[in-house]
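Worksheet: the structure to be examined is printed underneath.
The values are calculated or read from the model by the stated rules, or taken from the named source; none is laboratory data. Predicted, not measured: the structure shown is a model, and the values here were computed from it. Here the Cβ positions follow ideal geometry from the backbone for every residue, glycine too, while neighbour counts run over all protein chains shown.
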């Protein structure tokens, strides 16, 4: 069995299963309303699957295999269950003719069969996918930070609402989120791995937005992988640092580790798409439908991301395992070990 399990010492859930289910609804309803208001987003309906070969599906770090199936009534044409909706949302913005400063959000459900089971990883993924139209003048790190600040303010509001309803769940988020670039992090901790760097800086500040994920750092390695055709990780700032994207990381006191809540960023324009496809040796993608539309100026400039629903609930409800929030499939051995450690896994 391929899984990794962390058992927090002395763990016991602070809410029972019924209370947990009620609290999940409270968090999801309040967060969705608050995010929509803060970023001026309209809710839309999203697909569970897209046609294979269209270039619409999210390729994540480029190696994960999507679940694929034939469609009988379409001559067995292949469809793929989405990994996320990173590129699909820009199509929606164009089709709905959304103006700059406004956007869309949706509930995204996905299957990622290549995930290794851990306390925070499941083969079932649920997140809020959001996308907002922007102007060319806004394609800056400062604007990225501005949007991150808005999202972080929503996280702190949700934490307080949870505390109001469940006083045993004490707030832990700091007043402000810390911004740091992956290059600065590498220079500060050259002897640590990327995961170890994230743990050190997130424990220090409590909440971090880590900028610039996907580009090669001066040390010759990437902090982490990103597909070349949605986030802009190659655009260079005046200080020489690359990237207009990043991750929101929170310090998780239950698991005592860095905890990624969101991957997001300013999306590629034509120049960034051409550059990143060349860097990754994937210029063949220019012939795919979605990529042709972007290169033909048929898609708006945008900023967007995904925010994990189960992870968000897991964090605010102080759970040790994402399986306490979502029903999924887990290795029998993992379920048994969790039961021995007072971690009730939903099945």
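Of note:
- Qualifying residue in region 284-296 (condition: at pLDDT 95 or above, within 19 Å of the chain's Cα centre (by Cα), within 23 Å of residue 98 (Cβ to Cβ) and not in a helix (DSSP H, G or I)): no
- Restricting 173, 185, 169 to those that are within 14 Å of residue 261 (Cβ to Cβ), modelled with pLDDT of 95 or more and not in a strand (DSSP E or B) reduces the list to 173.
- For region 168-183, a residue qualifies if it is farther than 16 Å from residue 147 by Cα and surrounded by 13 or more Cβ atoms within 10 Å (Cβ to Cβ), and the qualifying residues are 169, 172, 173, 174, 181, 182, 183.
- Some residue of region 244-261 being in contact (Cβ under 8 Å) with a residue 12 or more places away in the chain, assigned to a loop (DSSP other than H, G, I, E, B), closer than 29 Å to residue 301 by Cα and touching a strand residue (DSSP E or B) at 6+ places or on another chain (Cβ under 9 Å): yes
- The one condition in (1) farther than 30 Å from residue 281 by Cα; (2) at pLDDT 95 or above that residue 46 fails to fulfil: (2)
- Residues of region 302-333 that turn out to be in contact with a helix residue (DSSP H, G or I) (Cβ under 8 Å, 6 or more places away or on another chain), part of a helix (DSSP H, G or I) and either over 21 Å from residue 155 (Cα atoms) or modelled with pLDDT under 95 (or both), as a count: 1
- Of the set (1) within 30 Å of residue 79 (Cα to Cα); (2) part of a loop (DSSP other than H, G, I, E, B); (3) touching a residue at least 60 places away in the same chain (Cβ under 8 Å), all apply to residue 11 but (1).
- Residue in region 53-74 that is over 30 Å from residue 135 (Cα atoms) and surrounded by 20 or more Cβ atoms within 10 Å (Cβ to Cβ) present: yes
- Residue list for region 39-49, filter: in contact (Cβ under 8 Å) with a residue 40 or more places away in the chain and closer than 21 Å to residue 126 by Cα: 39, 41, 42, 43, 44, 45, 46, 47, 48
- Test: residue in region 270-281 that is in contact (Cβ under 8 Å) with a residue 24 or more places away in the chain and touching a strand residue (DSSP E or B) at 6+ places or on another chain (Cβ under 7 Å): no
- Residues being closer than 16 Å to residue 253 by Cα and in contact with a helix residue (DSSP H, G or I) (Cβ under 8 Å, 6 or more places away or on another chain) - total across region 6-30: 2
- Look at region 14-33: where a residue is over 15 Å from residue 156 (Cα atoms) and a partner is modelled with pLDDT of 95 or more and part of a helix (DSSP H, G or I), sitting 6+ places away or on another chain with Cβ atoms under 7 Å, you get 15/23; 20/324; 23/162; 24/313.
- Residue match in region 127-141 (condition: farther than 23 Å from residue 311 by Cα and assigned to a strand (DSSP E or B)): yes
- Within the option set 29, 59, being closer than 28 Å to residue 169 by Cα and either at pLDDT 90 or above or assigned to a loop (DSSP other than H, G, I, E, B) (or both) holds for one residue only, 29.
- Of all residues in region 223-243 being in contact (Cβ under 8 Å) with a residue 12 or more places away in the chain and part of a strand (DSSP E or B), the one that is nearest to residue 10 (Cα to Cα): 231
- Here is the figure for region 225-245: residues that are at negative phi and crowded, with 17+ Cβ neighbours inside 10 Å total 14.
- The residues of region 201-221 that are surrounded by 15 or more Cβ atoms within 10 Å (Cβ to Cβ), at negative phi and either part of a helix (DSSP H, G or I) or within 18 Å of the chain's Cα centre (by Cα) (or both), listed by number, are 201, 202, 203, 205, 207, 208, 209, 210, 211, 213, 215.
- Residue that is modelled with the highest pLDDT, among those in region 107-121 that are under 19 Å from residue 86 (Cα atoms) and either over 15 Å from the mean Cα position of the chain (by Cα) or surrounded by 21 or more Cβ atoms within 10 Å (Cβ to Cβ) (or both): 108
- Scanning region 314-343 for residues that are more than 20 Å from the chain's Cα centre (by Cα) and surrounded by fewer than 20 Cβ atoms within 10 Å (Cβ to Cβ) yields 329, 331, 332, 333, 335, 336, 337, 339, 340, 341, 342.
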